[in-house]
Amino acid sequence: MKKKIKFYKDRFLLQMQALKKKCFLGTPKMICNSKYIEFLNNVRIKDNYRIECYDNFAGNKLNPSLRIGNNVIIGYNFSCLVADQVEIDDDTILASDVLITSENHGMQVECGIPYYKQPLTTKSVKIGKGVWVGEKVVILPGVTIGDKSIIAAGSIVSKDVPPYSIVGGVPAKVLKVYDFNMHCWKRVNE
């Protein structure tokens, strides 16, 4: 029962913040530690989103922070696991079923502790201005996505993405870059 009360308190606090910033939040699936979440103005998040901020895991103190910029639009079933800094900059759109994570479980094989009880490893995630993230994309810890980039549907982003580029695949790689002299997208030679 205590977990359910905490969920409703976090949901209420998040909704109050959203109202002040002219944001629209659909019905959440899960919210954990909303005090680490900051919205700027005019954020739109569709239903069934899950935002979990971990400030303590397996006895280790963590520093979660989720900042969502102005005019960000996020689709259905968004998941964000926050144990480090996560920033989604202004005018970015995320399609449905996107996962962003700044944490991973420990992977010590010989220590005798199950993976799910090992301390988390964390790295920040930064998504630049005007980025378009396609459906069913996974963005892993330590990634920076440059301004105005496009992430193709179904991609797993495990490395930094340069600004003004299109990436896709598993793992995601640069497919095209924008040529400002020619005013068009140019395919990257492999």
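The values are calculated or read from the model by the stated rules, or taken from the named source; none is laboratory data. None of these values were measured; they are calculated from a predicted model. We place every Cβ from the backbone using ideal geometry, glycine too, and count neighbours over all the protein chains shown. SASA here: full protein model, heavy atoms, side chains in, ligands and nucleic acids out. Shrake-Rupley method; radii C 1.70, N 1.55, O 1.52, S 1.80 Å.
Round to the nearest 0.05 the FRET efficiency obtained for E110 and N60 when R0 = 25 Å and r is the Cβ-Cβ distance.
0.80
The residues K126, K22, sorted by heavy-atom accessible surface at 1.4 Å with ligands and nucleic acids left out, run K22, K126 from largest to smallest. The equivalent ellipsoid of the range 101-190 has semi-axes of 32, 12, 10 Å, largest first, where each one is the square root of 5 times an eigenvalue of the Cα gyration tensor.
If you line up the long axis of helix 2-20 against the longest principal axis of the chain, both from Cα atoms, how many degrees apart are they, to the nearest 10? Helix 2-20 and the main axis of the chain meet at about 50 degrees. Average accessible surface for the chain: 56 Å² per residue, computed with a 1.4 Å probe over protein heavy atoms with every protein chain in place.
Across the chain, Cα pairs under 8 Å and at least six residues apart give a relative contact order of 12 percent.
Roughly how big is the chain's charge dipole about its Cα centre, with Cβ charges of +1 (Lys, Arg) and -1 (Asp, Glu), in debye to the nearest 20? Present the calculation step by step, with values, prior to reporting the outcome.
Numbers: 27 positive and 18 negative charges, 138 e Å.
Using only the charged Cβ atoms, the result is roughly 660 debye.
Per-atom-type breakdown for the chain gives carbon and sulfur 55% of the accessible area (1.4 Å probe, protein chains only).
When the helix-only estimate is applied to the chain (DSSP H runs of n ≥ 4, each -39,500 (n - 2.57), divided by the residue count), what is the mean residue ellipticity at 222 nm, nearest 500 deg cm²/dmol?
Numbers: 1 runs with 19 residues, N = 190.
-3500 deg cm²/dmol, from helical runs alone.
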